[in-house]
Amino acid sequence: MKKIVLFASGSGSNAERIIHHFKNDPNVAVSCVLTNNKQAKVLERCKRLKVPAIYFNREAFYGADTIINFLKAQDTDLIVLAGFLWKIPALLIAAFPNKIINIHPSLLPKYGGKGMYGNHVHQAVKDNGETETGITIHYVTKNYDEGGVIHQARTALEPTDGPLEIAEKVHQLEYEHFPIVIASLVKDHG
Ligand code: GAR
């Protein structure tokens, strides 16, 4: 059985889609969801979906091996950042080489880097009058949004689309592509 651990900081709508995707898969399971935000809506979703969810604080994430030890003990095959906003510590990256992936709500390298998350990205896309946007699924390295690209998908924008409409189009792309890309990665990982 391949095991996926999800990290999420907020709503967790991607996490929910991923959990659904693997619910009846005999070979792949989402073993748990980790969050750095006690108020995150993802916690309610996990309760409803009956998936274990664990909150951790800054100290556990940056100051000790707690999270690494936990992920190793779970035999984690793939770590998926689904709307997770903290930078991943170098030790965690080293402990799981090429096994940590992120989804970013733009066509990287455009609109990436520190401070570029969620609506900040969609507002910048709008302000620049882009005629298209999209998603990027990529490996995680020590710098935000710079790891190797695994998959991109794009969507056209109308001049009337505001940040909310852009977010909606991007979320639809995420729901469609992210679970399938995750499935292909866990299967490739032998
Ligand atoms: C998603 O659009 C994801 O791409 C973005 O946060 C949203 C989370 O939505 N991630 C980033 O901006 C990371 N830099 P969700 O909590 O409903 O899945």
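The values are calculated or read from the model by the stated rules, or taken from the named source; none is laboratory data. Everything numeric here is computed off the predicted structure, so don't read it as measured data. Backbone-built Cβ (ideal geometry, glycine too); neighbour counts: all protein chains shown. Remember, those area values only see protein heavy atoms, side chains included, never the ligands or the DNA or RNA. Shrake-Rupley method; radii C 1.70, N 1.55, O 1.52, S 1.80 Å.
May I ask you to say which residue of GLY129, GLY148, GLY115 is out of contact with any helix residue (DSSP H, G or I) (no Cβ under 6 Å at 6 or more places or on another chain) and at pLDDT below 95?
GLY115
Pairs only if they're at least six apart or on different chains, beta carbon under 8 angstrom, first in region 11-30 and closer than 17 Å to ASP77 by Cα, second among the aromatic types (Phe, Trp, Tyr) and away from the ligand (no atom under 13 Å from the Cβ); list them, first residue then second.
VAL28/PHE22; ALA29/PHE22; VAL30/PHE22
Any residue at all in region 153-166 that is buried (at least 16 other Cβ atoms within 10 Å of the Cβ), touching a residue at least 40 places away in the same chain (Cβ under 8 Å) and out of contact with any helix residue (DSSP H, G or I) (no Cβ under 6 Å at 6 or more places or on another chain)?
So far as region 153-166 goes, no, none of its residues is buried (at least 16 other Cβ atoms within 10 Å of the Cβ), touching a residue at least 40 places away in the same chain (Cβ under 8 Å) and out of contact with any helix residue (DSSP H, G or I) (no Cβ under 6 Å at 6 or more places or on another chain).
Starting from residues that are in contact (Cβ under 8 Å) with a residue 60 or more places away in the chain and within 14 Å of the chain's Cα centre (by Cα), keep the ones in region 167-179 and report whichever is farthest from SER31 (Cα to Cα). Give the derivation first.
Taking region 167-179 and keeping what is in contact (Cβ under 8 Å) with a residue 60 or more places away in the chain, we get 167, 170-171, 174-175, 178-179.
This time we only want the ones that are within 14 Å of the chain's Cα centre (by Cα), so: 170-171, 174-175, 178-179.
Numbers: VAL170: 26, HIS171: 23, GLU174: 21, TYR175: 19, PHE178: 17, PRO179: 15 Å.
In this case the residue turns out to be VAL170.
Where residues in region 136-152 are open to solvent by less than 30 Å² (accessible area, probe 1.4 Å) and touching a Phe, Trp or Tyr at 6+ places or on another chain (Cβ under 8 Å), which of them is nearest to ILE103 (Cα to Cα)?
Looking at residues that are open to solvent by less than 30 Å² (accessible area, probe 1.4 Å) and touching a Phe, Trp or Tyr at 6+ places or on another chain (Cβ under 8 Å), I get ILE137.
State which residue is surrounded by the most Cβ atoms within 10 Å (Cβ to Cβ) when the search covers only region 62-85 and only residues that are within 16 Å of the ligand (Cβ to nearest atom) and modelled with pLDDT of 95 or more.
Only one residue fits best here, namely VAL80.
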